[in-house]
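What follows is a short report on a single structure.
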Amino acid sequence: MSKAEFVQKMFDKLSQDYDFMNDLISFGLHKLIKKNAINNVPIKAGFKILDVCTGTGDIPLLITEKFGDSVDIIGVDFSGKMLEIALKRAIKHDNIKFITADALNLPFEDKTFDAVFISFGLRNLADLKKGIIELKRVTKDNGYLINLDMGKPKGVLGHILRFYMFKLVTFIGKLIHGNSTPYKYLFESAQAFPSQDELVRIFSDFGFKNVKNYDFAFGAIAEQISTL
């Protein structure tokens, strides 16, 4: 089974408990981190925004919570089950649309979006470099690319937090789901994912400008913001 098939099936299976588990294992802090990540982006009224690997739609909903219908947002994901939940959550918001799509083959013309978000999804792509090229392709000149994902923790507290997230969470996941595989994958994929400094270099190498990194939770989670 390819990585793409594995990830798609995994998220389809997790979909019904996904939001509950995120709230449980993060003590609700994941939404605060996402809000802070959005606050770091100079979004303006009239922006056309894309959220890749949107899952159950947290990022589009949080952006709309702050900016209302002054921005148009499209969320894409290749997990149909996750999008079913996203559609129900956003049913009252006409400025949000969801589309089933592959992050490596986005169904949009070049330079379509003022801001492109990918939240906890970049490390799940089967081809990191191809994914970044595709994200760049659909971003307007002077537009923003925002990546929020697992980072490499800093300091003693960061390592304690990482131990909790990747060891105890595996136990909790097995206890609730009866299957620890998705949470072992979380640990393994985060271990293999580039560090914050490496991602800053990678985005710069791909032609993004003004690449900035913001750490959350002592660096266990990190955001990179760049422009074209």
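Of the residues Gly151, Gly143, Gly155, which single one is at pLDDT below 95 and surrounded by 13 or more Cβ atoms within 10 Å (Cβ to Cβ)?
Result: Gly151 is the single residue among Gly151, Gly143, Gly155 that is at pLDDT below 95 and surrounded by 13 or more Cβ atoms within 10 Å (Cβ to Cβ).
Among Ile118, Ile74, which is the only one that is closer than 21 Å to Met10 by Cβ and either buried (at least 19 other Cβ atoms within 10 Å of the Cβ) or touching a Lys or Arg at 6+ places or on another chain (Cβ under 7 Å) (or both)? So that I can check it myself, show each step before the final result.
Details: Ile74 fails: closer than 21 Å to Met10 by Cβ.
Testing whether each residue is closer than 21 Å to Met10 by Cβ and either buried (at least 19 other Cβ atoms within 10 Å of the Cβ) or touching a Lys or Arg at 6+ places or on another chain (Cβ under 7 Å) (or both) leaves just Ile118.
Among the numbered criteria (1) surrounded by fewer than 22 Cβ atoms within 10 Å (Cβ to Cβ); (2) part of a strand (DSSP E or B); (3) β-branched (Val, Ile, Thr), which one does Ile25 miss?
Answer for Ile25: the failing condition is (2).
Return the residue satisfying two criteria in turn: it lies in the range 47-71 and is of a type outside the set (Gly, Ala, Ser) and assigned to a loop (DSSP other than H, G, I, E, B), and of such residues it is surrounded by the most Cβ atoms within 10 Å (Cβ to Cβ). Steps first, answer last, please.
Going through the range 47-71, the residues of a type outside the set (Gly, Ala, Ser) turn out to be 47-54, 56, 58-67, 69, 71.
When the remaining residues are screened for being assigned to a loop (DSSP other than H, G, I, E, B), the result is 47, 53-54, 56, 71.
Working: Phe47: 20, Cys53: 25, Thr54: 29, Thr56: 26, Val71: 21.
So, considering only residues that are of a type outside the set (Gly, Ala, Ser) and assigned to a loop (DSSP other than H, G, I, E, B), the one surrounded by the most Cβ atoms within 10 Å (Cβ to Cβ) is Thr54.
Looking at (1) over 19 Å from Asp149 (Cβ atoms); (2) among the aliphatic types (A, V, I, L, M); (3) outside any strand (DSSP E or B); (4) more than 15 Å from the chain's Cα centre (by Cα), which is the only condition Leu83 fails?
Of everything listed in (1) over 19 Å from Asp149 (Cβ atoms); (2) among the aliphatic types (A, V, I, L, M); (3) outside any strand (DSSP E or B); (4) more than 15 Å from the chain's Cα centre (by Cα), Leu83 misses just condition (4).
Among the residues of the range 197-213, which ones are within 17 Å of Phe120 (Cα to Cα) and buried (at least 19 other Cβ atoms within 10 Å of the Cβ)?
Those that are within 17 Å of Phe120 (Cα to Cα) and buried (at least 19 other Cβ atoms within 10 Å of the Cβ): Leu199, Phe203.
Out of Lys44, Lys130, Lys34, I need the residue that is at pLDDT 95 or above, in a helix (DSSP H, G or I) and surrounded by fewer than 16 Cβ atoms within 10 Å (Cβ to Cβ). Which one? Even if it seems obvious, please write down each step before you answer.
Details: Lys44 fails: in a helix (DSSP H, G or I); Lys34 fails: surrounded by fewer than 16 Cβ atoms within 10 Å (Cβ to Cβ).
Only one candidate passes the filter, namely Lys130.
The values are calculated or read from the model by the stated rules, or taken from the named source; none is laboratory data. Quick caveat: nothing in here was measured; it's all calculated off a predicted structure. As a convention, Cβ positions derive from the backbone with ideal geometry for all residues, glycine included, and neighbour counts pool all protein chains shown.
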